[in-house]
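The values are calculated or read from the model by the stated rules, or taken from the named source; none is laboratory data. All values reported here derive from a predicted model rather than from experimental measurement. Every residue, glycine among them, receives a Cβ derived from its backbone with ideal geometry; neighbour counts consider all protein chains shown.
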Amino acid sequence: MKIHEYQARQLLTEAGIPVPSSSMVENVDDAAGAYETVVREAGLGDGGLAVVKAQVHAGGRGKAGFVKLVHSAGEATDAAQFMLSNRMVSVQTGPEGLEVKKLLVAAGVDIAKEFYLAITTDRATRRNVLIASAEGGVEIEQVAESNPDAIIKQPIDPLMGLQGFEAREVAFKLGFTGKQVGQAVKIMMALAALFVEKDCTLAEINPLIVTPPTTEAPDGQVMAIDAKFSFDDNALFRQRSIGGMFDPAEENANELRASKFGLTYIALDGNIGCLVNGAGLAMSTMDIIKHYGGEPANFLDVGGSASEEAVTEAFRIILDDKAVEGVLVNIFGGIMRCDVIAQAVVNAAKEVGFEVPLVVRLEGTNVEAGKRILEGAKADIPTMEAADDLDDAARRIVAAVKGEVAAS
């Protein structure tokens, strides 16, 4: 589960990590008041710098024009008007873009230096790891590719957690000096504790910044001005406050619909819908579709114990995708019974209708009963054909979508 930046700032503040004053708004009329509030709280005078940011679960906001610096209430209103009335299109959204419904208005700060700081799980070592770089403010993937030596990785002991001496070593490697070191260490320690406490899968600050020296802070101040968090969905039952931050408007509607029925659905860009039981089998099914020149339209795992109702809903979700030009059902019945799938196919044909080619491959528990159900429904589902195995099924559905005859 992901959250918005304004919510991430709230978590950082609660953890004792300094962030600039900010406010979230959902309509144009509130932008001016939010600007005046954050500028006043930050101790900035008339014409103080603030930033207006679109709150969407996608990157590339700045390049898309959805991060704007403003120096007045009027400019904040204009920025809000633009963002709330236009879809944001970036490299991460696709050409259709995303609707912007929320904005963050935050006080601006002078920046002397930017850094990258994050904690995630290293699958190779099976431990959490602190990742840092002195090249902050840009996509860390670009840094890792162009200058891998700029990435600092500090493994975190699963029992002891991040230790103070480890955080100090990272701070020195990043180039922090004077009182900056203590501030940076405090932030790293707080972020590490927050990561574990909230069951995060990613806790990222980019950029972490140092402000220029002032009379009050001769070494400058270390603070976070942007953050990103992701959480383990399986832990949300004990993270009620985090679950309350979920924004369904930012998720694929069919993915949410599938989750209500215990289905795992991920929309893709192809035209062949897939209904499979088991994540590994689903991946193999998508691979073999691509092997024969097709493109999967989704990943859909009905699991091992889905009800007939849930499987019928799975067909509805697949067929609701206007890009789908054919459907492949691949079931290896262990716990899942083939006759349940077969009856769901028949139900979906009656309730939704199959106007696209449908290829069904069944094997395993109650397979003969399932085949009899499908055989008896042939007249009602003229686009359906049975396959002997997965290879045969993939060839048949790809050929059908392309308007060809499958090779024997």
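The set of residues in segment 139-156 that are within 19 Å of Glu204 (Cα to Cα), of a type outside the set (Lys, Arg) and without any contact (Cβ under 8 Å) to a residue 60 or more places away in the chain comprises Glu141, Gln142, Val143, Ala144, Glu145, Pro148, Ala150, Ile151, Ile152, Gln154, Pro155, Ile156. For segment 356-389, residues that are touching a helix residue (DSSP H, G or I) at 6+ places or on another chain (Cβ under 9 Å) and either at pLDDT below 85 or farther than 24 Å from Lys322 by Cα (or both) total 17.
Number of residues in segment 74-108 that are surrounded by fewer than 18 Cβ atoms within 10 Å (Cβ to Cβ) and under 25 Å from Met223 (Cα atoms) equals 0. For segment 353-408, a tally of residues being of a type in the set (A, V, I, L, M, F, W, C) and either touching a His at 6+ places or on another chain (Cβ under 8 Å) or not in a helix (DSSP H, G or I) (or both) returns 16. Against the conditions (1) at pLDDT 95 or above; (2) within 21 Å of Val67 (Cβ to Cβ); (3) not aromatic (Phe, Trp, Tyr), Asp199 satisfies every one except (2). Taken together, the residues in segment 25-63 that are farther than 18 Å from Glu75 by Cβ, surrounded by fewer than 20 Cβ atoms within 10 Å (Cβ to Cβ), touching a helix residue (DSSP H, G or I) at 6+ places or on another chain (Cβ under 8 Å) and hydrophobic (A, V, I, L, M, F, W, C) amount to 0.
For segment 166-181, the candidate set comprises residues that are loosely packed, with under 14 Cβ neighbours inside 10 Å and part of a helix (DSSP H, G or I); within that set, the residue that is farthest from the chain's Cα centre (by Cα) is Phe172. For segment 53-81, taking the residues that are out of contact with any Lys or Arg (no Cβ under 6 Å at 6 or more places or on another chain) and under 20 Å from Asn252 (Cα atoms), the one that is modelled with the highest pLDDT is identified as Val56.
Taking the criterion of being out of contact with any helix residue (DSSP H, G or I) (no Cβ under 9 Å at 6 or more places or on another chain) and among the basic types (Lys, Arg), the residues of segment 237-288 that qualify are Arg238, Arg240.
Residue count for segment 300-331 under the criterion of being surrounded by fewer than 19 Cβ atoms within 10 Å (Cβ to Cβ) and farther than 22 Å from Ala399 by Cβ: the result is 9. Filtering segment 204-212 for residues that are at pLDDT below 95 and on the phi > 0 side of the Ramachandran plot leaves an empty set.
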